[in-house]
Structures are given as C-alpha cells and as structure tokens.
Amino acid sequence: MFKKIMSWIRALYDWTLRWAQHPRAVQSLAILSFAEASVFPLPVDPLLLAMGFAKPKKSFYFAFITTLFSVLGAIAGYFIGVYAWSAISPFFYSFVFSEEAFLAVIANLQGDQATFVSLFIAGFSPIPFKIFTISGGVVGAPLIPFIAASVLSRGLRYFILGAIIYFMGPRAQTWIEGNFEKMTIMVSILLVLTLFLAKAIL
C-alpha cells in the first residue's frame, strides 16, 4: 500500500514537471494558486518548484505570481464564507475538507490576534489553507489581520522556495529527485507536527 501511494505521488510529480514546460504554465500557476487558497484541495508548491527548476532565473517571479494569486484566492475564500457558505457547504464537506476540521478552525478565528496567528500558521505550513480562508468569512474575522497574515505567510513560504531554486538550481532538483521518498515522509511528518503545534497554540 505504501509503495502504491509513493508511486502515485511520484507520477504526479513527474506529470507536474512536464506541465511546467507548457506555454501557458504561468497562467496555470496563477489559476492553481488562486484555487488552492479557496476551493482546490491540492497544493501549488509542486508546480512552482517544477517551473523554477525549468527556469531558475525566473524563480522569484514565479514566487511573486504564486503569492499574489494565493492571497487573492484567500480573499475569495473569505467572501465565499461570507456570502455563499450555507448554500455550498455540502460540496466542501464532501470533496474539500471535513465538517469536523471546519468546526475546529472556526473556534480559533475570533479577534485580531487569533485571526493573524491562525492564518499565518495555516498559510506557511502544509495545513490546508482554504479551511481557514473560508472559515474566516463564515465567522466574520477581521479583514485587515486576515489579509496581512495571508500576505506574510504565503510570501514567506513561496519566496523561500524561490530562493532555494534560484541559488541552488539543479542541485535542489537532483536532491529532491534522489530523495523523493524521504522528502515525502518528511513533509508528512511536518504536517502532523504543524497540526499539533496549531492545536497547542490556538
């Protein structure tokens, strides 16, 4: 079972690398970044990495596009929560995130400080960001801390990746591909640790 999962993840990574060469890759990066912060269940990081590996000198530009559209997607998620949640919540509970996760997040989005800390942790870590962006709209979280946390967390996350690509280039790609299984396990462990940290802080 573990080998099948790893094989599927590797196939997805290889497909992403091929897609990064497409003439419309930048548009796809923007669309996926927007959707990932509001409705789409998969992270945008693999496409950002793949495009950076293909054109390392443009990695900071790709990081900027990813950050910009991720923040716009977060704002869209917020207004989905404000205006459309009662109508579309069954879809999200079925295909995007669980009702239990959603209710747990709502409890931690009350007040400016709570909003900023919660959004920053979710935006920088592997925690699904869209749960927090939509929840923020549902509870009417303060919009300025919401946007500030989204900009800071997403910017740090994607520009760190951009810097790794820019300064390491092919060496980073070689390391990832040579240690793909270990890296996947590390990311999974990081997700679990982040969830525990978020629970402890919030």
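Listing for the model above:
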{"quantity": "Subset tally (residues that are crowded, with 19+ Cβ neighbours inside 10 Å and either hydrophobic (A, V, I, L, M, F, W, C) or in contact with a helix residue (DSSP H, G or I) (Cβ under 6 Å, 6 or more places away or on another chain) (or both)) for region 31-45", "calculated": "8"}
{"quantity": "ALA50 vs. criteria closer than 24 Å to PHE102 by Cβ, assigned to a helix (DSSP H, G or I) and of a type in the set (Gly, Ala, Ser)", "calculated": "no"}
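Bear in mind these aren't lab numbers, they're just calculated from the coordinates by the rules spelled out. In this text the structure is predicted, and so the values were computed from the model without any measurement. Virtual Cβ from ideal backbone geometry, glycine too; neighbours counted across all protein chains shown.
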